[in-house]
Amino acid sequence: MGKTPNFFRCQRNKPFRFSVSEVMTIVIAFHQLGYRDFKTYYTHFVCRYLTNEFPE
């Protein structure tokens with residue numbers, strides 16, 4: 001087949017911004033609110049209403 005392209009082997013060097021409990025809160029709210037896709041939910045709901053709930 002050949003060699004695997006480099007973009008499959010890249011690793012992110014950025015630290016993770018959210019704790020596990022914060023991610024679970026966001027995912028549970030996503031399912032309860034009935035959004036169809038996560039990007040719309042995140043930009044319309046999380047960025048507007050939940051940013052104060054998750055300190056940096």
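Checked across segment 5-20, the condition of being modelled with pLDDT under 90, surrounded by 10 or more Cβ atoms within 10 Å (Cβ to Cβ), at negative phi and not aliphatic (A, V, I, L, M) holds for at least one residue. Selection within segment 20-43: residues that are free of Cβ contacts under 8 Å to residues at least 24 places away in the same chain and charged (D, E, K, R). The member of this set that is farthest from Phe54 (Cα to Cα) is Arg36.
Are any of the residues in segment 35-55 part of a loop (DSSP other than H, G, I, E, B), among the β-branched types (Val, Ile, Thr) and at pLDDT 75 or above?
If we filter segment 35-55 for residues that are part of a loop (DSSP other than H, G, I, E, B), which is where we start, we get 35-37, 51-55.
Keeping just the survivors that are among the β-branched types (Val, Ile, Thr) gives 51.
From what's left, at pLDDT 75 or above: 51.
Checked segment 35-55: at least one residue is part of a loop (DSSP other than H, G, I, E, B), among the β-branched types (Val, Ile, Thr) and at pLDDT 75 or above.
The values are calculated or read from the model by the stated rules, or taken from the named source; none is laboratory data. Note that the structure is a prediction, hence the values are computed from the model and not measured. Methodologically, a virtual Cβ is constructed for each residue, glycine included, from the backbone with ideal geometry; neighbour enumeration extends over all protein chains shown.
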